[in-house]
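The structure appears right after this line, and notes come after that.
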């Protein structure tokens, strides 16, 4: 069985690069290191790939993106790509795939292209065994991230978690549970990183209370229907009763004021007739 032509082509390209190494001619002043640029790599590879009938076809398998914060509070876009590169020989159609990750940060819309360049350089340098492979570089510039400090409660995580669990157990509606999650979002995020055990316990408390409220909802609905069929009015909530009471008080006070206003007029009419 003959060897697929794709491996012969890879070996031929690697042999040329081994005899004439691709040196690191560029310098990153900020972080003090030498690197090979993507342009240097393409300039060397392009004629060799054409000569040995080898094609490099990239395919993005996965992509994740998020916002990061730089050391000067600058908003950065972080992109991570998982890319497959198909090395295909045109002589017999044989191919071989190589996968690599690429990561990059950028202040604009160039993070994805930088990540692609990073993945491409990684695969080509390793696949063709390019000499002097010392540096992991993406571009001449690099960006430092600002360290994020998570908020902590004054009473400590244990006491705070116990208090949140008690509050959750007393919530009467799912809306109340959602309000707690929204108000305590920063602490919940911090405790998930620092105390995963307490975070899991709080999550269990939320799930248990939410399930209990769902089970209680059908029972309350059936009880209301039974009261309605029996002609028993539904009990007013405390807020509704208070509103009704205030309305009655306002109505009574208004009646008294009208009666007081009419009394002098009646007296004046009686005196005039006398």
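Descriptive notes on the structure:
- Proxy reagent accessibility, fewest Cβ within 10 Å first, across 66, 129, 89: 66, 129, 89
- Computed extension length for residue 173-residue 92: 22.4 nm, one decimal, from 0.36 nm per residue of separation with the Cα-Cα distance subtracted.
- Based on the reciprocal of the average 1/r between different C-alpha atoms, the Kirkwood radius for segment 1-41 equals 12.6 Å.
- Distance cut-off 26 Å, percentage of C-alpha pairs in segment 5-127 lying past it: 30
- Relative contact order (%) - criterion: Cα under 8 Å, at least six apart; region: segment 5-127: 21
- Footprinting exposure proxy for 94, 170 (fewest neighbouring C-beta atoms within 10 Å first): 170, 94
Bear in mind that the values in this text are calculations on the coordinates, not laboratory data. Small disclaimer: the values here were computed from a predicted structure and weren't measured. In this analysis, Cβ positions are derived from the backbone assuming ideal geometry, glycine residues included, and neighbour counts consider all displayed protein chains.
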